[in-house]
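**Q** Sharing a structure with you now.
The values are calculated or read from the model by the stated rules, or taken from the named source; none is laboratory data. Since this is a predicted model, take the numbers as computed values, not measurements. Note that each Cβ is placed from the backbone with ideal geometry, even for glycine, and that neighbours are counted across all protein chains shown.
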Amino acid sequence: MAQYRSSLLLPEDRLLKIRDDFIKEAQAGLRGENSSCLMMASMMDVLPNGEETGDFFAVDIGGTNFRVILVSLSESRGEVARFEMEDFAIPEEYFSCHADRLFDLLADSLVSFAKRHGFSGKKTAPVGFCFSFPVNQTAVDAGTMIKLTKKFDNEGFVGCDPVQMLQQAIQRFKAPFKVVALLNDSVGTLAGACYEDPNAKVGVILGTGTNACYVEQVAKIGTLAKGATSRPRMVVNTEWGNFTAASLPITQADREMDETTPNAGEYHFEKMVSGMYMGEVARRIILQLAEDAQLFGPSVPDELRVPWALSTPALSKIAEDDSWVLSGTAQILADDLHLPASRCTYSACSTVKEVCLMVSRRSAALVAACLAGLLRHIGRDGSHGGMQATTVAVDGGLFEHFDAYRGFLRDYLDLLLTPEVSAMVQLKRIRDASSMGSAYLAAAVTASPE
Ligand code: ADP
Ligand code: MG
């Protein structure tokens, strides 16, 4: 256990090293040099400001569910007159089917959603497409998919233009929609926040996966072709999920889990941070402790060996368990991992809880370190003098539903920033921001074409 405490609970100097390594990787990526952070120009050089009007749709996919929304933006500034939203589960076979089928599913859902909500279809409606995979963006409404991440393992995806694919699928349904903006969820989240908050400069996703984007000066984006925009600023997509550096605390459990993922060897940061993986990392550590330290008695319960049996929502319930003698934790171990009740002693439960807390703290600490790096890079960590209020917009199930996690993230940011700066940095939880922001961006690009 002592070994896990020292590898998962990172001291301040280690976190500062990670922050500095992240800045180095980010700046190399921005210059177009070899880097684990792709720092891609999102081509979004306008952000919504609340003055947009009309009806806009968004389709949002990239993790566990996908979502379709409709927003009607009224003449009064920043006011949403109508908002409709539907979540759809992604049936298991769609994680490995041909990409065409997945796009058909999206188009079908968009068309039937619009019908259900009485959309007449007399006029072509603009659609913002929130597509949360690494994409080399060539225009606001075009890009090439670079690779699959998270659970997705579909043929026909890599190299495709997601806008064309969705537009073609929509045409198969002869439906009046035009996909006008392609973005990922971090960009959508930032756009969602900008609609009502001019201090919003950074968007962060903490859900199935993790990513961040921020507003950059165009002159600093080395990868952007000259003349690509006449505007001074553009959103940069860090793709920090793939961040890697020698300072990252990758443990045996991380390495072994990584080998079982479709994108083995990549996205190490995401695999230490995000909701898809935290439960599984904790399960592997608990299994190791059961083998080495007889956590559950002389034999290791076979139930503990089932991959992905401990979900991150279950991990968060254990981490927050304050029930008498940790009966809540014992219950989760019985319900989710099917461990026999007789094996779940108080001492075992308390070790399991400590592991869940450490995995959660490590995630929050790593996010805080990279966020502090990003704030330093854009001159908003007080290191260049002058202090401005900065809003970091955050979306994703991990941040939204795991209360203690939000506390850890704040604590680590307070540790890494000076108190004066930390007080100026607001982590704003914006529910459904990525989908809302995609519709707002569809509106913003329709209102101000290049
Ligand atoms: P997506 O990333 O697919 O867009 P969400 O933003 O809703 O979807 O995030 C879903 C992720 O959030 C899940 O993978 C899960 O790990 C995590 N999550 C959901 N509920 C909780 C919870 N109570 N505690 C911790 N993590 C949670
Ligand atoms: Mg999402």
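**Q** Quick test for you: out of 386, 407, 373, 382, pick the one residue that is touching a Ser or Thr at 6+ places or on another chain (Cβ under 7 Å) and not charged (D, E, K, R). Show your work before the answer.
**A** Values: 386 fails: touching a Ser or Thr at 6+ places or on another chain (Cβ under 7 Å); 407 fails: touching a Ser or Thr at 6+ places or on another chain (Cβ under 7 Å); 373 fails: touching a Ser or Thr at 6+ places or on another chain (Cβ under 7 Å).
Only one candidate qualifies: 382.
**Q** Would you be able to tell me the number of residues in segment 394-406 that are in a helix (DSSP H, G or I) and either modelled with pLDDT under 95 or under 15 Å from the mean Cα position of the chain (by Cα) (or both)?
**A** Residues of segment 394-406 that are in a helix (DSSP H, G or I), as a first pass: 397-401, 403-406.
Subsequent filtering for residues that are either modelled with pLDDT under 95 or under 15 Å from the mean Cα position of the chain (by Cα) (or both) retains 397-401, 405-406.
The number of residues fulfilling the criteria is 7.
**Q** With the structure loaded, tell me whether residue 90 is within 16 Å of ligand 1 (Cβ to nearest atom), touching a helix residue (DSSP H, G or I) at 6+ places or on another chain (Cβ under 9 Å) and over 18 Å from residue 195 (Cα atoms) or whether it fails that test.
**A** Working: within 16 Å of ligand 1 (Cβ to nearest atom): yes; touching a helix residue (DSSP H, G or I) at 6+ places or on another chain (Cβ under 9 Å): yes; over 18 Å from residue 195 (Cα atoms): yes.
In short, yes.
**Q** Counting only residues that are assigned to a loop (DSSP other than H, G, I, E, B) and touching a residue at least 60 places away in the same chain (Cβ under 8 Å), which one in segment 384-393 is nearest to ligand 1 (Cβ to nearest atom)?
**A** As a first pass, look at segment 384-393 and keep what is assigned to a loop (DSSP other than H, G, I, E, B): 384-389.
Applying the additional criterion that residues be touching a residue at least 60 places away in the same chain (Cβ under 8 Å) yields 388-389.
Values: 388: 29, 389: 26 Å.
The qualifying residue nearest to ligand 1 (Cβ to nearest atom) is 389.
**Q** Any idea which of 113, 103 is touching a Leu at 6+ places or on another chain (Cβ under 6 Å) and closer than 20 Å to residue 180 by Cβ? I'd like the intermediate steps shown before the answer.
**A** Values: 113 fails: touching a Leu at 6+ places or on another chain (Cβ under 6 Å).
Matching residue, one of 113, 103: 103.
**Q** Hey, does segment 407-427 have a residue that's within 16 Å of ligand 2 (Cβ to nearest atom) and either modelled with pLDDT of 95 or more or surrounded by fewer than 22 Cβ atoms within 10 Å (Cβ to Cβ) (or both)?
**A** Of the residues in segment 407-427, the ones within 16 Å of ligand 2 (Cβ to nearest atom) are none.
Looking through segment 407-427, none of the residues is within 16 Å of ligand 2 (Cβ to nearest atom) and either modelled with pLDDT of 95 or more or surrounded by fewer than 22 Cβ atoms within 10 Å (Cβ to Cβ) (or both).
**Q** Can you tell me which residue within segment 196-238, out of those that are assigned to a loop (DSSP other than H, G, I, E, B) and within 16 Å of ligand 1 (Cβ to nearest atom), is nearest to residue 268 (Cα to Cα)? Give the derivation first.
**A** Our first condition is that a residue be assigned to a loop (DSSP other than H, G, I, E, B); within segment 196-238, this holds for 196-199, 207-209, 221-232, 238.
This time we only want the ones that are within 16 Å of ligand 1 (Cβ to nearest atom), so: 207-209.
Working: 207: 15, 208: 14, 209: 11 Å.
Only one residue fits best here, namely 209.
**Q** Which one of these is over 23 Å from the mean Cα position of the chain (by Cα) and within 30 Å of residue 355 (Cβ to Cβ): 51, 79, 25, 12?
**A** Step by step, each of 51, 79, 25, 12 is checked, and only 12 is over 23 Å from the mean Cα position of the chain (by Cα) and within 30 Å of residue 355 (Cβ to Cβ).
Each row is one residue, and each column tells you yes or no for (1) buried (at least 23 other Cβ atoms within 10 Å of the Cβ); (2) among the polar types (S, T, N, Q).
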site	(1), (2)
2	no, no
11	no, no
17	no, no
34	no, yes
39	yes, no
45	no, no
59	yes, no
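**Q** Name the residues in segment 318-333 that are modelled with pLDDT of 95 or more and touching a helix residue (DSSP H, G or I) at 6+ places or on another chain (Cβ under 6 Å), would you?
**A** Answer for segment 318-333, where residues must be modelled with pLDDT of 95 or more and touching a helix residue (DSSP H, G or I) at 6+ places or on another chain (Cβ under 6 Å): 318, 319, 320, 321, 326, 329, 330, 332.
Yes/no per residue for (1) buried (at least 20 other Cβ atoms within 10 Å of the Cβ); (2) not in a loop (DSSP other than H, G, I, E, B):
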{"site": "325", "(1), (2)": "no, yes"}
{"site": "331", "(1), (2)": "no, yes"}
{"site": "338", "(1), (2)": "no, no"}
{"site": "342", "(1), (2)": "no, yes"}
{"site": "363", "(1), (2)": "yes, yes"}
{"site": "367", "(1), (2)": "yes, yes"}
{"site": "372", "(1), (2)": "yes, yes"}
{"site": "375", "(1), (2)": "yes, yes"}
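**Q** Quick one: which of 241, 265 is among the small types (Gly, Ala, Ser), on the phi > 0 side of the Ramachandran plot and either away from ligand 1 (no atom under 16 Å from the Cβ) or assigned to a helix (DSSP H, G or I) (or both)? Before you say what the answer is, go through the steps one by one.
**A** Working: 241 fails: on the phi > 0 side of the Ramachandran plot.
Matching residue, one of 241, 265: 265.
**Q** Can you spot a residue in segment 362-374 that is closer than 18 Å to residue 197 by Cβ and within 22 Å of the chain's Cα centre (by Cα)? Show your work before the answer.
**A** Narrowing segment 362-374 to residues closer than 18 Å to residue 197 by Cβ: 371, 374.
Next, only the ones that are within 22 Å of the chain's Cα centre (by Cα) stay: 371, 374.
Yes, because at least one residue in segment 362-374 is closer than 18 Å to residue 197 by Cβ and within 22 Å of the chain's Cα centre (by Cα).
**Q** Test of understanding: among 140, 163, 202, which residue is farther than 30 Å from residue 379 by Cα and away from ligand 2 (no atom under 16 Å from the Cβ)?
**A** Details: 140 fails: farther than 30 Å from residue 379 by Cα; 202 fails: farther than 30 Å from residue 379 by Cα.
Of 140, 163, 202, the one residue that is farther than 30 Å from residue 379 by Cα and away from ligand 2 (no atom under 16 Å from the Cβ) is 163.
**Q** Another one. Specify the residue that is nearest to residue 134 (Cα to Cα); the eligible residues are those in segment 35-67 that are within 16 Å of ligand 2 (Cβ to nearest atom) and touching a residue at least 60 places away in the same chain (Cβ under 8 Å).
**A** Just the residues of segment 35-67 that are within 16 Å of ligand 2 (Cβ to nearest atom), to begin with: 58-67.
Next, from what is left, pick out any that are touching a residue at least 60 places away in the same chain (Cβ under 8 Å): 58-64, 67.
Values: 58: 19, 59: 17, 60: 14, 61: 13, 62: 10, 63: 13, 64: 17, 67: 19 Å.
The qualifying residue nearest to residue 134 (Cα to Cα) is 62.
**Q** Which residue out of 65, 49, 34 is over 24 Å from residue 362 (Cα atoms) and within 16 Å of ligand 1 (Cβ to nearest atom)? Break it down stepwise before answering.
**A** Details: 49 fails: within 16 Å of ligand 1 (Cβ to nearest atom); 34 fails: within 16 Å of ligand 1 (Cβ to nearest atom).
Step by step, each of 65, 49, 34 is checked, and only 65 is over 24 Å from residue 362 (Cα atoms) and within 16 Å of ligand 1 (Cβ to nearest atom).
**Q** Can you name the residue in segment 68-80 that is more than 27 Å from residue 94 (Cα to Cα) and touching an Asp or Glu at 6+ places or on another chain (Cβ under 8 Å) and, of all such residues, is farthest from ligand 1 (Cβ to nearest atom)? Can you show your working first?
**A** So the first thing to find is which residues in segment 68-80 are more than 27 Å from residue 94 (Cα to Cα), and the list is 71-80.
Add one more test, that the residue is touching an Asp or Glu at 6+ places or on another chain (Cβ under 8 Å), and what stays is 71-73, 77-78.
Values: 71: 18, 72: 24, 73: 23, 77: 28, 78: 24 Å.
Within segment 68-80, the match that is farthest from ligand 1 (Cβ to nearest atom) is 77.
**Q** Give segment 162-192 a look and list any residue that's assigned to a loop (DSSP other than H, G, I, E, B) and either touching a helix residue (DSSP H, G or I) at 6+ places or on another chain (Cβ under 8 Å) or surrounded by 17 or more Cβ atoms within 10 Å (Cβ to Cβ) (or both), or say none. Before the answer, list the steps.
**A** So in segment 162-192, the residues assigned to a loop (DSSP other than H, G, I, E, B) come out as 173-176, 184.
Answer for segment 162-192, where residues must be assigned to a loop (DSSP other than H, G, I, E, B) and either touching a helix residue (DSSP H, G or I) at 6+ places or on another chain (Cβ under 8 Å) or surrounded by 17 or more Cβ atoms within 10 Å (Cβ to Cβ) (or both): 173, 175, 184.
**Q** A follow-up question, please. Would segment 299-309 turn up any residue that is within 16 Å of ligand 1 (Cβ to nearest atom), touching a residue at least 60 places away in the same chain (Cβ under 8 Å) and within 25 Å of the chain's Cα centre (by Cα)?
**A** Just the residues of segment 299-309 that are within 16 Å of ligand 1 (Cβ to nearest atom), to begin with: 307-309.
From the residues that got through so far, the ones that are touching a residue at least 60 places away in the same chain (Cβ under 8 Å) too are none.
Among the residues of segment 299-309, not one is within 16 Å of ligand 1 (Cβ to nearest atom), touching a residue at least 60 places away in the same chain (Cβ under 8 Å) and within 25 Å of the chain's Cα centre (by Cα), which makes the answer no.
**Q** Same structure, new question: Which numbered condition in (1) outside any loop (DSSP other than H, G, I, E, B); (2) small (Gly, Ala, Ser); (3) closer than 23 Å to residue 268 by Cα is the only one that residue 309 fails?
**A** (1)
**Q** Can residue 150 be described as surrounded by 23 or more Cβ atoms within 10 Å (Cβ to Cβ), over 24 Å from residue 221 (Cα atoms) and either within 16 Å of ligand 1 (Cβ to nearest atom) or under 23 Å from the mean Cα position of the chain (by Cα) (or both)?
**A** Numbers: surrounded by 23 or more Cβ atoms within 10 Å (Cβ to Cβ): yes; over 24 Å from residue 221 (Cα atoms): yes; either within 16 Å of ligand 1 (Cβ to nearest atom) or under 23 Å from the mean Cα position of the chain (by Cα) (or both): yes.
Spelling it out, residue 150 is indeed surrounded by 23 or more Cβ atoms within 10 Å (Cβ to Cβ), over 24 Å from residue 221 (Cα atoms) and either within 16 Å of ligand 1 (Cβ to nearest atom) or under 23 Å from the mean Cα position of the chain (by Cα) (or both).
**Q** If a residue must be part of a loop (DSSP other than H, G, I, E, B) and surrounded by fewer than 22 Cβ atoms within 10 Å (Cβ to Cβ), how many such residues does segment 277-306 contain? Write out each step before concluding.
**A** Applying the first criterion (part of a loop (DSSP other than H, G, I, E, B)) to segment 277-306 yields 277, 294-301, 306.
Now restrict to residues that are surrounded by fewer than 22 Cβ atoms within 10 Å (Cβ to Cβ): 294, 297-301, 306.
So the answer is 7.
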